[in-house]
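Some notes on the structure that comes next.
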Amino acid sequence: FLKVKKWQAVKDQIEKLLGDKAVRIDGTISNQTVKDELLREFMYGKKQYLISHPASLGHGITLVQCNFMIYYSQSYSLEQFYQSRDRIFRHGQKNRCTYFSLIAHKTVDEVMVKALDKKENVVNSVFNYLKRNKA
């Protein structure tokens, strides 16, 4: 079981590697005005990279100015995963969107990705059933 401090340490390392080119929005920032300002820095090109967790940038955020998303760690929530992908794949996106998942061999991330795949298969099976059996 991973503790929050370890997750924060990974984000800290990524932020350190990217330096001034990155902005970080996560659960450590509770002030919405601060989050909005950091997001604007990324959206208007003052920062090249955005480091965030899918839960930190939930519903209603549009990031069509970028078309690459890299997952350095996975959440168990399929809804968060879908919502996070939809941040860049929105109306107004002019480029092809590409998603990368960094998964180290024999880690919890392998388990998480397999679990998300199973969830996605269940969701797709239910939708296909409903389509076939419309009233």
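The values are calculated or read from the model by the stated rules, or taken from the named source; none is laboratory data. Quick caveat: nothing in here was measured; it's all calculated off a predicted structure. Methodologically, a virtual Cβ is constructed for each residue, glycine included, from the backbone with ideal geometry; neighbour enumeration extends over all protein chains shown. Just the protein is used for accessible areas: all its heavy atoms, side chains included, with ligands, DNA and RNA removed. Shrake-Rupley method; radii C 1.70, N 1.55, O 1.52, S 1.80 Å.
In the range 8-49, which trypsin sites (Lys or Arg not before Pro) are in a loop and have at most 12 other Cβ atoms within 10 Å, using DSSP for the loop call? Present the calculation step by step, with values, prior to reporting the outcome.
Values: sites: Lys11, Lys16, Lys21, Arg24, Lys35, Arg40, Lys46, Lys47; in loops: Lys46, Lys47.
Those satisfying the criteria are Lys46.
Please give every one of the aspartates and glutamates within straight-line cross-link reach of Lys119, meaning a C-alpha to C-alpha distance under 19 Å, and leave out same-chain neighbours fewer than 8 residues apart.
Partners within reach: Glu79, Asp86, Asp109, Glu110.
In a Debye calculation with equal point scatterers on the alpha-carbon sites of the range 44-87 and no solvent, what is log10 I(q)/I(0) at q = 0.15, 0.25 Å⁻¹?
Cα-only, vacuum Debye calculation for the range 44-87: -0.36, -0.99.
Contact order normalised by length for the range 45-96, with contacts defined as Cα pairs under 8 Å and 6 or more residues apart; what percent is it? It would help to have the intermediate numbers written out before the result.
Working: 38 pairs, mean separation 24.5, N = 52.
Result for the range 45-96 is 47 percent.
Which of the GluC sites (Glu not before Pro) across the range 30-135 are loop residues per DSSP, with 14 or fewer other Cβ within 10 Å? Provide the component values of the computation, followed by the final result.
Details: sites: Glu37, Glu41, Glu79, Glu110, Glu120; in loops: none.
For GluC sites (Glu not before Pro) across the range 30-135 that sit outside H, G, I, E and B with at most 14 neighbouring Cβ atoms in 10 Å, the list is empty.
Please get the size of the charge dipole for the chain, origin at its Cα centre, with Cβ charges of +1 on Lys and Arg and -1 on Asp and Glu, quoted in debye to the nearest 20.
Numbers: 23 positive and 13 negative charges, 68 e Å.
Here the size comes out at about 320 debye.
Full-extension gain between Val123 and Gln93, please, as 0.36 nm times their residue separation minus the C-alpha to C-alpha distance. Provide the component values of the computation, followed by the final result.
Working: separation 30, 0.36 × 30 = 10.80 nm, distance 2.60 nm.
Fully extending the segment from Val123 to Gln93 adds 8.2 nm.
For the chain, what is the accessible area per residue in Å², given a 1.4 Å probe and the full set of protein chains?
73 Å²
Longest exposed-loop-site-free stretch of the chain, with chymotrypsin sites (Phe, Trp or Tyr not before Pro), DSSP loop and at most 12 other Cβ within 10 Å?
Working: sites that count: Phe1, Tyr44, Tyr76.
Answer - 77-135.
How many percent of the accessible area of the chain is carbon or sulfur, using a 1.4 Å probe? If you can, show how the numbers build up before the last one.
On the way: 5610 of 9830 Å².
After summing per-atom areas, the C and S share lands at 57 percent.
Run the simple label-point estimate for His59 and Phe100 please: 7 Å along Cα→C-beta, distance reported in nm.
It works out to 3.2 nm between the two label points.
Convert 10 °C to kelvin, take the viscosity as 1.306 mPa s, use the Kirkwood radius over C-alpha pairs of the range 76-135 as Rh, and evaluate the Stokes-Einstein diffusion coefficient in µm²/s, rounded to a whole number. Spell out each step's value before the answer.
Working: Rh = 13.9 Å.
Taking Rh from Cα pairs, D becomes 115 µm²/s.
For the pairs Lys11/Lys114; Lys46/Lys106; Lys35/Lys114; Lys46/Lys118, note any where the Cα-Cα span goes beyond 27 Å. Don't skip to the answer; put the middle values down first.
Details: Lys11/Lys114 23 Å; Lys46/Lys106 37 Å; Lys35/Lys114 32 Å; Lys46/Lys118 39 Å.
Correct reply: Lys46/Lys106; Lys35/Lys114; Lys46/Lys118.
What angle do you read, to the nearest 10 degrees and between 0 and 90, between the alpha-carbon axis of helix 108-132 and the longest principal axis of the chain?
Roughly 40 degrees between the two axes.
Before rounding to the nearest 500, sum -39500 (n - 2.57) across all DSSP H runs of length at least 4 in the chain and divide by the residue total; then give [θ] at 222 nm in deg cm²/dmol. Write down the numbers at each step before the final one.
Working: 4 runs with 61 residues, N = 135.
That comes out to -15000 deg cm²/dmol.
For the chain, restrict the atom set to alpha-carbon positions and state the Rg and Dmax in Å.
Cα-based Rg and Dmax for the chain come out at 16.7, 56 Å.
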